[in-house]
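The values are calculated or read from the model by the stated rules, or taken from the named source; none is laboratory data. Worth saying up front: this structure is predicted, and the values here are computed from it rather than measured. Ideal geometry is used to build each Cβ from the backbone, glycine not excepted, and the neighbour counts take in all protein chains shown.
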Amino acid sequence: MADETEGLFTLPTLFDDGSIPVCWSYGMGVESTAGIVRTLLEPGFRPPQLRDDLSNLIVMVAQTGDEWTSTCDLVTAHVLPLLRERAIRFVEVARAGPSATDGIVVLQDSRRPQRLHPDADEHGFYALSAEHRANGVLPTLGGTRTCSAKSKGMPLDLWRAKHLGHGPYVHAMGFNADESRRIEKDSSVTMGGQRQPIYPLHEAGWSRARCHGYLFGLFGVWWPKSCCRQCCFVSVPGWPEQLERYIAAPAEAFKHLLDEYVTLALNRNSGLFGPGKSLADRLRRDGADHVLALAAAELDRCGWAVYRVRRCYSRPATAWRSVETIYRGSRAAASRFLTELGVHLGICPHDDGKHTRVWLTEASITFPRLEEFFVAAPDSVLPKQRAGFDKRWYSHADSRLAALELAAHDLYSSPDAA
């Protein structure tokens with residue numbers, strides 16, 4: 001725990017008047033900031049479950065490890081003083097590891113918060129980008145927002161489960177007047193009646209634009225969208241704001257360009273914004289030269305690896321993946337090894353302009369389909385293969401592929417390859 005705990009209640013049964021906790025989920029963005037500030041400053045906006053002295057209000061933040069420092073600075077400058085003045089309980093948590101069984105890190109639980117703790121390395125928690133980096137992936141546009149559920153929802157849920165027990169609580173969310181569909185989905189989660197969700201901004205008819213205007217009138221700043229630096233959900237209208245952050249804070253942003261480089265090495269269709277839509281290309285197009293230069297320098301400086309990547313597709317976009325590290329060295333050494341591997345196998349490496357791959361499989365449009373190649377990239381991905389992969393793989397591999405794999409193995413398992 002980073003800050004002192006003072007004047008806290010543990011369970012809702014401590015309220016003699018029958019009050020229950022009111023938990024505001026604070027994402028630090030425009031809407032949740034406006035909702036919390038209105039709750040603090042405007043008694044008429046408060047839900048009826050709040051006590052007059054606000055002693056049963058809990059403002060809760062989950063750190064992902066990848067939030068822009070500038071957003072946290074705004075919260076520290078404008079929101080935390082309001083919480084301190086009213087002795088509001090402020091809880092800041094994060095994940096301790098990639099699994100829920102790893103638990104959480106309580107960064108602070110205080111009625112007088114002085115600062116936030118967004119840096120995972122400095123404060124000892126597990127960043128969302130660390131998980132993605134170890135797996136060689138980025139957030140994806142398809143499916144549900146699992147990154148948010150993992151890095152925000154899970155630690156907040158675990159804290160409430162421990163500190164609020166099985167008693168009821170009110171859960172305030174900052175959905176605006178235009179987010180009825182999100183509310184429809186969220187309101188179905190009641191945990192058997194324990195969770196009582198409310199949506200004060202939506203009920204008040206407040207749009208994002210109105211929230212922006214409200215905060216600007218109070219603080220004289222244009223409050224930004226809260227998002228991770230590597231967020232893939234940045235819309236076209238929202239890109240200029242995100243670009244401005246990349247330009248303003250290149251030192252905290254460039255590492256995500258390395259992550260994208262590795263991800264694209266393992267999967268050429270996995271640009272941050274979709275196939276053929278990379279973060280690097282956007283930044284290059286829009287002149288973010290400093291962050292690109294930092295990323296390029298780090299690519300030259302860091303340790304590299306040659307990865308063996310295999311995928312077994314059962315149908316389009318559905319595959320089992322295996323990643324192995326077969327060589328480690330400098331960038332130049334990894335490139336030489338990849339070239340040597342191609343010569344050894346009699347395969348001409350394919351260069352797409354960003355990555356060079358030695359392909360063992362040929363293009364196919366039928367299923368099941370196998371894909372195997374070797375590629376060089378920064379050494380950040382952990383070997384990973386699900387149970388039963390080899391059985392599935394070799395049930396489809398033909399004799400040509402098996403012979404190439406054996407020849408490749410002979411090269412990279414020899415003492416001279418180390």
Handout entry: Only one of Tyr214, Tyr246 that is in a helix (DSSP H, G or I) and not assigned by TED's automatic domain parsing to the domain that holds Val59
Key = Tyr246
Exercise for the section: Have a look at Phe254, Phe233 and point out the one that is touching a Lys or Arg at 6+ places or on another chain (Cβ under 9 Å), among the aromatic types (Phe, Trp, Tyr) and surrounded by 14 or more Cβ atoms within 10 Å (Cβ to Cβ). Expected result: Phe233
Handout entry: Within segment 320-372, considering residues that are small (Gly, Ala, Ser) and under 23 Å from Ser395 (Cα atoms), the one surrounded by the most Cβ atoms within 10 Å (Cβ to Cβ)
Key = Ser322
Problem - helices (runs of 4 or more DSSP H) within segment 330-418 that include 2 or more residues within 29 Å of Leu279 (Cα to Cα), in contact (Cβ under 8 Å) with a residue 12 or more places away in the chain and under 35 Å from the mean Cα position of the chain (by Cα) - result: 331-345
Handout entry: Scan of segment 236-247 for residues that are buried (at least 18 other Cβ atoms within 10 Å of the Cβ) and charged (D, E, K, R), ordered by number
Key = Arg245
Exercise for the section: Restricting attention to segment 300-327, report how many residues are in a helix (DSSP H, G or I) and in contact with a Lys or Arg (Cβ under 7 Å, 6 or more places away or on another chain). Expected result: 1
Problem - Ser235 of a type in the set (Ser, Thr, Tyr), without any contact (Cβ under 8 Å) to a residue 60 or more places away in the chain and in contact with a Gly (Cβ under 7 Å, 6 or more places away or on another chain) - result: no
